[in-house]
Protein chains: 2
Amino acid sequence: MDLLADQFIQFNPQRGTMEGAKVVERRLSDLRGYFVDEAAYEAALAQEDSLVYTVSSVMPAEGESQLHYGLGMIMPGRIGAEYYLTKGHFHAWRPAAELYIGLRGEGVMLLEDEATGESKLVPLIPNSAVYVPGFTAHRTINTGKVPLTYLGVYPAQAGHDYGLIAERNFRKVVLAVDGKPTLRDRVL
Amino acid sequence: MDLLADQFIQFNPQRGTMEGAKVVERRLSDLRGYFVDEAAYEAALAQEDSLVYTVSSVMPAEGESQLHYGLGMIMPGRIGAEYYLTKGHFHAWRPAAELYIGLRGEGVMLLEDEATGESKLVPLIPNSAVYVPGFTAHRTINTGKVPLTYLGVYPAQAGHDYGLIAERNFRKVVLAVDGKPTLRDRVL
């Protein structure tokens, strides 16, 4: 009984890397339309197409009883007053939950209930876990000064639905107000 | 949208505790029949009914799309040459996988395929993940000198089947041979 591929995976919480994982990189140019301050976005992009985040994914097996997982790393930074963030998504299979585990840095998860539109912020920090229920859009945000790294574990058939968020974004934004992460209505 | 119970949980990898979790404690007296060296077991128990491991579990929601998780802590120790271990289990829902994430210490997972009876050892150490496929009995073993702590994440409906292992145990044991964890056939 040999070790399966992806049965034992090592990761680096400092560097935000995971051995043998499939890596997706998102730069500023991939995130047009996601930040509320469009002028600040264009100015930042004109300076440099900075790396905003990476997601390294491991998919050991497929099927309803299986799990997939990923390691995310979001760089520290802001566009205007808005912290660097992930695009955010629903699961394609809406009831699917996800468990996040903070590894390094300081961040928050922005959750938005699909049915009610209600939002909440949950801290994402080392030695803690955040449960994202089904039917909930979720975005990860780095509110600190170092890279934010975390694991996410989800049912293999959860899938990712980025379309709805790309179209209408989250209703709330997380801004630095007096240096503190603050939840505000999106005003365009 | 208030924070759900169990939506944000903090844990302590050093102490092996998790806030607000349901804790199960296993002492030597709970583990009669699990260690291969019965004389060494009775001698150890006569001295002290030591704590062998704890499992702290969080069950945020029920249903096929949900996840449960737990934090395990196994104390360092041996019964004869055999390292302190968990009882080990199959999932009641046999196809269910589980993802383990090492937090502290040095250990191994003993996996046994239900259909073939084949065994393997996978390291369980900090900054690494072990994927336990479905249809596989799994036991966690502390081969180090400090408490071994780890997280386990699994589908909410996985369930635990301890009966089969209680009856016939694993086919292999992990013994300290020249100070190194070594996989051997169980000899009674």
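The values are calculated or read from the model by the stated rules, or taken from the named source; none is laboratory data. Since the model is a prediction, treat every value here as computed from it, not as a measurement. Backbone-built Cβ (ideal geometry, glycine too); neighbour counts: all protein chains shown.
Scan the stretch B:94-103 and give yes if some residue there is farther than 21 Å from residue A:97 by Cα and in contact with a Gly (Cβ under 8 Å, 6 or more places away or on another chain), otherwise no.
In the first step, residues of the stretch B:94-103 are kept if they are farther than 21 Å from residue A:97 by Cα; the result is B:102-103.
Restricting the remaining residues to those that are in contact with a Gly (Cβ under 8 Å, 6 or more places away or on another chain) gives none.
No, every residue in the stretch B:94-103 fails to be farther than 21 Å from residue A:97 by Cα and in contact with a Gly (Cβ under 8 Å, 6 or more places away or on another chain).
Give the stretch A:106-152 a look and list any residue that's touching a residue at least 40 places away in the same chain (Cβ under 8 Å), of a type in the set (Gly, Ala, Ser), more than 23 Å from residue B:70 (Cα to Cα) and not in a strand (DSSP E or B), or say none.
Result: A:117, A:144.
Can you tell me which condition residue A:167 does not meet? The list is (1) over 19 Å from residue B:65 (Cα atoms); (2) at pLDDT 95 or above, and all the others hold.
(2)
Does residue B:20 satisfy the condition of being free of Cβ contacts under 8 Å to residues at least 40 places away in the same chain, within 30 Å of residue A:95 (Cα to Cα) and not polar (S, T, N, Q)? Talk me through it step by step, then tell me what you get.
Values: free of Cβ contacts under 8 Å to residues at least 40 places away in the same chain: yes; within 30 Å of residue A:95 (Cα to Cα): yes; not polar (S, T, N, Q): yes.
When the stated conditions are applied, residue B:20 passes them.
Name the one entry in B:152, B:159, B:179 that is of a type outside the set (Phe, Trp, Tyr) and in contact with a strand residue (DSSP E or B) (Cβ under 8 Å, 6 or more places away or on another chain).
Exactly one of B:152, B:159, B:179 is of a type outside the set (Phe, Trp, Tyr) and in contact with a strand residue (DSSP E or B) (Cβ under 8 Å, 6 or more places away or on another chain), namely B:152.
On the given criteria, is residue B:43 part of a helix (DSSP H, G or I) and more than 24 Å from residue B:144 (Cβ to Cβ)?
So residue B:43 fails the test.
Would you confirm whether any residue within the stretch A:40-53 is hydroxyl-bearing (Ser, Thr, Tyr) and surrounded by fewer than 18 Cβ atoms within 10 Å (Cβ to Cβ)?
The answer is yes; a qualifying residue exists.
Please specify each residue of the stretch A:87-116 satisfying the condition of being more than 9 Å from chain B (Cβ to nearest Cβ) and over 12 Å from residue A:174 (Cα atoms).
A:87, A:88, A:89, A:90, A:92, A:100, A:102, A:104, A:105, A:106, A:114, A:115
Which of (1) at pLDDT 95 or above; (2) within 13 Å of the chain's Cα centre (by Cα) does residue B:81 not meet, given it meets every other one?
(2)
Just checking, which of B:105, B:117, B:152 is out of contact with any Asp or Glu (no Cβ under 7 Å at 6 or more places or on another chain) and either surrounded by 19 or more Cβ atoms within 10 Å (Cβ to Cβ) or among the aromatic types (Phe, Trp, Tyr) (or both)?
Values: B:117 fails: either surrounded by 19 or more Cβ atoms within 10 Å (Cβ to Cβ) or among the aromatic types (Phe, Trp, Tyr) (or both); B:152 fails: out of contact with any Asp or Glu (no Cβ under 7 Å at 6 or more places or on another chain).
B:105 is the lone residue from the list that is out of contact with any Asp or Glu (no Cβ under 7 Å at 6 or more places or on another chain) and either surrounded by 19 or more Cβ atoms within 10 Å (Cβ to Cβ) or among the aromatic types (Phe, Trp, Tyr) (or both).
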